[in-house]
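Participant: There's a structure below that I have some questions on.
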Amino acid sequence: MRAPSAWVLPSTMSLRGSHDVELRYGINPQQRLAEVAPISPGQWPVRLLNGEPSFINLLDALNAWQLVSEAGAALGKPAAASFKHVSPAGAAVSGPLDDVVRDLYGLGDATVGPLASAYLRARDADPKSSYGDMAAVSHPVDDELADVLGRVICDGVIAPGYAPGTVDKLRRKKNGRFLVLEADGAAVPPARETREVFGLRLTQDRDQVPLTRDLFTLQHGELTEGEADDLLLGLAVLRYTQSNSVCYLRDGMTLGIGAGQQSRVDCTRLAGAKTDTWWLRRHPSVRSLEFKPETRRQDRINWQVRYIEGDLTPAEESRLEQVLGAPAAPLTVQERADWLHTLSGVAFASDGALPFRDNVDHARRHGVRAIAEPGGSIRSGDVETACREHGIALAHTGLRLFHH
């Protein structure tokens, strides 16, 4: 067993020294040697206040921090992300919480501050996938967010600072193993990035194009203020999501993110299915599921999703009956369709050019009214035609945001 990491330092100290620091292990446990060192000796962009990170923990934390930092700066609001396996499960800026989120976390009519609201909205995009996430926020963690993090299944957090007492509170989570990372908000990453693969060293310029509304060149229709903000958030999300990637957004939060698909339309359909699930979690039949009091929050979420998906196995039907206080009413195909038809005001962003109009046709099924994509495909004319037919505003960004 390794000794505690040399990275566990008092909160008043910075990471110093040019030597590599051991991690728990690499991407997989059998990759036993795993180290991290600053590119510039002694200049650590983050410091560890608690826990012992793995290779993936750091990848999640560093990507998540860049996302919320850029999103917060672009939109002028606190931003949060819930990261799993080097892609966001959800991201959001501060805003109102609806009754579904309030009921899930037992908030009632309580006032919720901007930072906690941003994280709860980010986590609500895909709460099943956010189980055991890495949280990231653009502003220093306050007491309220520390309390929220203490109540959810979360493996760690990265933020540019911590209010007095919050680190001690978080250190008690997971028997002292909860990761607490502090990002240096003033750190400037090198202009070039390098990675090694199979004996080759690959170097490229870091993508540093600012995310602003100036990127949007309208091809059809007009963007509302809210749609432009949602699309800006979408660009920040896509910049740190494994490609191919698309995301659906509304009211300053992601509804569905599709990552790492070889086909863009498959990505569009996957993210669209997640968007449908998000909306169906607000259906009266789903909200009326009467779980027994001892049923844990995450189990409630997982059963809601399986109920929505509608393809329960006989064994699952039996287990669902055991956690419900009353039988579940069926959610019919027509009820699903009628409810999904009411979803509107959704924005859609793509990290690469839409190659065919089928992406637009599928996106429209999920309430999309505005699209931002790089443009420049040989079939961009077909894509614009589809947007005109569906009454969707289309903006080209001229900026591809692949992330690998």
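The values are calculated or read from the model by the stated rules, or taken from the named source; none is laboratory data. Keep in mind that this is a model prediction, so the values were computed, not measured. Glycine also receives a Cβ, built like all others from the backbone with ideal geometry; neighbour counts cover every protein chain displayed.
Participant: Could you pull out the residue among Gly113, Gly76, Gly108, Gly132 that is within 20 Å of Lys169 (Cα to Cα), surrounded by fewer than 20 Cβ atoms within 10 Å (Cβ to Cβ) and without any contact (Cβ under 8 Å) to a residue 40 or more places away in the chain? Lay out the reasoning, then the answer.
Facilitator: Numbers: Gly76 fails: within 20 Å of Lys169 (Cα to Cα); Gly108 fails: within 20 Å of Lys169 (Cα to Cα); Gly132 fails: without any contact (Cβ under 8 Å) to a residue 40 or more places away in the chain.
Unique residue meeting the criteria: Gly113.
Participant: Does segment 229-248 include one or more residues that are outside any loop (DSSP other than H, G, I, E, B), in contact (Cβ under 8 Å) with a residue 24 or more places away in the chain and more than 30 Å from Val152 (Cα to Cα)? Walk me through it before giving the result.
Facilitator: So the first thing to find is which residues in segment 229-248 are outside any loop (DSSP other than H, G, I, E, B), and the list is 229-239, 245-248.
Those left that are additionally in contact (Cβ under 8 Å) with a residue 24 or more places away in the chain: 229-239, 245-248.
Among the residues that remain, those that are also more than 30 Å from Val152 (Cα to Cα) are: none.
No, segment 229-248 contains no residue that is outside any loop (DSSP other than H, G, I, E, B), in contact (Cβ under 8 Å) with a residue 24 or more places away in the chain and more than 30 Å from Val152 (Cα to Cα).
Participant: Moving on to the next point. Could you please tell me which pairs satisfy a Cβ distance under 6 Å, a separation of 6+ or placement on different chains, a first residue in segment 376-404 that is among the hydrophobic types (A, V, I, L, M, F, W, C), and a second residue that is exposed (fewer than 14 other Cβ atoms within 10 Å of the Cβ) and outside any loop (DSSP other than H, G, I, E, B)?
Facilitator: Ala395/Leu218
Participant: Also, quick follow-up: Would you tally the residues in segment 173-204 being modelled with pLDDT of 95 or more, at positive phi and surrounded by 13 or more Cβ atoms within 10 Å (Cβ to Cβ)?
Facilitator: Adding up the residues that qualify gives 0.
Participant: If you don't mind, another one. Is it true that Asp361 is of a type outside the set (Lys, Arg), out of contact with any Phe, Trp or Tyr (no Cβ under 8 Å at 6 or more places or on another chain), within 27 Å of Gly260 (Cα to Cα) and modelled with pLDDT of 95 or more?
Facilitator: yes
Participant: Is it fair to say Asp361 is in contact with a helix residue (DSSP H, G or I) (Cβ under 8 Å, 6 or more places away or on another chain) and among the charged types (D, E, K, R)? If you could, list the steps in order and put the result at the bottom.
Facilitator: Values: in contact with a helix residue (DSSP H, G or I) (Cβ under 8 Å, 6 or more places away or on another chain): yes; among the charged types (D, E, K, R): yes.
Yes: the conditions hold for Asp361.
Participant: Test Thr277 against the stated conditions and say whether it is among the hydroxyl-bearing types (Ser, Thr, Tyr) and at pLDDT below 95. Full working, then the answer.
Facilitator: Details: among the hydroxyl-bearing types (Ser, Thr, Tyr): yes; at pLDDT below 95: no.
Taking the combined requirement at face value, the residue does not satisfy it.
Participant: For segment 210-228, what are the residues that are under 22 Å from the mean Cα position of the chain (by Cα), surrounded by fewer than 18 Cβ atoms within 10 Å (Cβ to Cβ) and in a loop (DSSP other than H, G, I, E, B)?
Facilitator: Those that are under 22 Å from the mean Cα position of the chain (by Cα), surrounded by fewer than 18 Cβ atoms within 10 Å (Cβ to Cβ) and in a loop (DSSP other than H, G, I, E, B): Pro210, Thr212.
Participant: Being closer than 16 Å to Asn244 by Cβ and among the charged types (D, E, K, R) is the filter here, so list the residues in segment 356-378 that pass it.
Facilitator: Asp358, Glu373
Participant: Go through (1) part of a loop (DSSP other than H, G, I, E, B); (2) at pLDDT 90 or above; (3) surrounded by 12 or more Cβ atoms within 10 Å (Cβ to Cβ) for Gln43 and report which single condition fails.
Facilitator: (2)
Participant: When both residues are 6+ apart or on different chains and their Cβ atoms are under 7 Å apart, which pairs have a first residue that lies in segment 295-318 and is in contact (Cβ under 8 Å) with a residue 12 or more places away in the chain, and a second that is surrounded by fewer than 16 Cβ atoms within 10 Å (Cβ to Cβ) and part of a helix (DSSP H, G or I)?
Facilitator: Arg306/Glu316
Participant: For the list (1) exposed (fewer than 13 other Cβ atoms within 10 Å of the Cβ); (2) at pLDDT 95 or above, I need the number of the one condition that Ala236 fails.
Facilitator: (1)
Participant: Collect the residues in segment 249-292 that are among the charged types (D, E, K, R), more than 20 Å from Leu340 (Cα to Cα) and part of a loop (DSSP other than H, G, I, E, B), keeping them in residue-number order.
Facilitator: We begin by selecting, within segment 249-292, every residue among the charged types (D, E, K, R); these are 250-251, 264, 266, 269, 274, 276, 281-282, 287, 290, 292.
If we keep only those that are more than 20 Å from Leu340 (Cα to Cα) as well, we get 264, 290, 292.
Selection gives Glu290, Lys292.
Participant: Being within 26 Å of Arg282 (Cα to Cα) and surrounded by fewer than 21 Cβ atoms within 10 Å (Cβ to Cβ) narrows it down to one residue among Asp147, Asp207; which is it?
Facilitator: Values: Asp207 fails: within 26 Å of Arg282 (Cα to Cα).
Within the list Asp147, Asp207, the selection yields Asp147.
Participant: Separate question: Taking only segment 79-92 into account, find how many residues are at negative phi and surrounded by fewer than 21 Cβ atoms within 10 Å (Cβ to Cβ).
Facilitator: Number of matching residues: 1.
Participant: Could you list, in sequence order, all residues of segment 146-189 that are out of contact with any Asp or Glu (no Cβ under 9 Å at 6 or more places or on another chain), acidic (Asp, Glu) and within 22 Å of Arg123 (Cβ to Cβ)?
Facilitator: Answer for segment 146-189, where residues must be out of contact with any Asp or Glu (no Cβ under 9 Å at 6 or more places or on another chain), acidic (Asp, Glu) and within 22 Å of Arg123 (Cβ to Cβ): Asp147, Glu182.
Participant: Looking only at segment 300-308, decide whether some residue is more than 22 Å from the chain's Cα centre (by Cα) and either outside the structural domain of Leu120 (by TED's automatic domain parsing) or of a type in the set (A, V, I, L, M) (or both). Steps first, answer last, please.
Facilitator: Step one: list which residues in segment 300-308 are more than 22 Å from the chain's Cα centre (by Cα), which gives 307.
Cutting the leftovers down to either outside the structural domain of Leu120 (by TED's automatic domain parsing) or of a type in the set (A, V, I, L, M) (or both) gives us 307.
Yes.
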